[in-house]
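The values are calculated or read from the model by the stated rules, or taken from the named source; none is laboratory data. No experiment lies behind these values; they were computed from the predicted model shown. Glycine also receives a Cβ, built like all others from the backbone with ideal geometry; neighbour counts cover every protein chain displayed. Heads up: the accessible areas ignore ligands, DNA and RNA and are worked out on the full protein's heavy atoms, side chains in. Shrake-Rupley method; radii C 1.70, N 1.55, O 1.52, S 1.80 Å.
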Amino acid sequence: AVMRAGCAIVPIDAEYPAERVRAILEDVGCALCVTTAPLVERTAGFPALLIEEIQPMHGKDLNGDRTLDYSDPDAEGYILYTSGSTGKPKGVIHRQAMLGSFRETYSDVIRVTERSRTLCVSGFSFIAAVLDIMPMLAQGGGVYIANETERKNMDMIWELFQKRQITGMFIPPKMYDVLRKLHGPLPLEYVLMGGEKSRTAQCDPGVFEGYASTESAFVSHHPVGEGGPLSLGKPSPGVSAYLLDEDGKLITQP
């Protein structure tokens, strides 16, 4: 809704300390905090819209075009704040061009239809959540957001596959390995793994490994089990990849 209104999203985890929340809101010059009543006191005096007060659109036509418009590639779309490993967290701006490339990347993996459903088990402030949510919403698919209890329970995640008709998800390799060990092959059309190098011994068809960071988003991807142990796969749409030697010099192709 925020992006369709032409604004940028700045996700803030509800578990962040009050000082960090205030610092982020001040740094971006937040125009409106979309939140819930129990958290409104943490908005540090910025204008707030309570989700509980949003009125349902009775009688409105909700069957129109539900895709997102990426016609302004330079417009700000998503601003993620790093963990602050270098001292002070910084906001990383992902413009609509980058979000559009997510959609193109997914088209290399799956064909999104109106029955496509992704399961998001990542916190909103991480790039993994963007990869789960935005490509699906941009193409008319659906997203199920796992709550804190569900995302930490492998049995509950497995049950969600059937209960919510999940067709795919982004998942850390270790979580994938645990799910597969407990329940067998995942009943999904696709799986995107990232966050660490996959060392899984067995993989189902449709499992891809991707490389990303808060700053660079989705850099490359490849099917697990293909390309050798050191392969980074192919660059994602709109991404140029360069190889450097040990001295930091560009390696040119023969």
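How many Å² of accessible area per residue for segment 1-49, probe 1.4 Å?
Values: 3050 Å² over 49 residues.
Result: 62 Å² per residue.
Between Leu182 and Val2, what FRET efficiency comes out of the Förster formula 1/(1 + (r/R0)^6) with R0 = 51 Å and r the beta carbon distance, rounded to 0.05?
Details: r = 37 Å, r/R0 = 0.73.
The value I calculate is 0.85.
If packing is taken as the average number of other Cβ atoms within 10 Å across a peptide's residues, how do 239-250, 172-183 rank, most packed first? It would help to have the intermediate numbers written out before the result.
Details: 239-250: 8.5, 172-183: 16.0.
By packing density, highest mean first, the sequence is 172-183, 239-250.
Read phi for every residue in segment 144-154 and hand back ³J(HN,Hα) as whole Hz from Karplus 6.51 cos²θ - 1.76 cosθ + 1.60, θ = phi - 60°, with x for Gly and Pro.
The phi angles translate into 10, 8, 5, 7, 4, 5, 5, 5, 9, 10, 5 Hz.
Please compute the length gained on full extension between Glu104 and Leu49, using 0.36 nm multiplied by the number of residues separating them and subtracting their Cα-Cα distance.
16.5 nm
Check which residues have an amide H placed less than 5 Å from Lys90's amide H, if you skip close sequence neighbours.
The list, which skips near neighbours in sequence, is Thr82, Gly84.
Glu148 to Arg115: extension gain in nm, 0.36 nm per residue of separation minus the Cα-Cα distance?
Net length gain for the segment: 9.4 nm.
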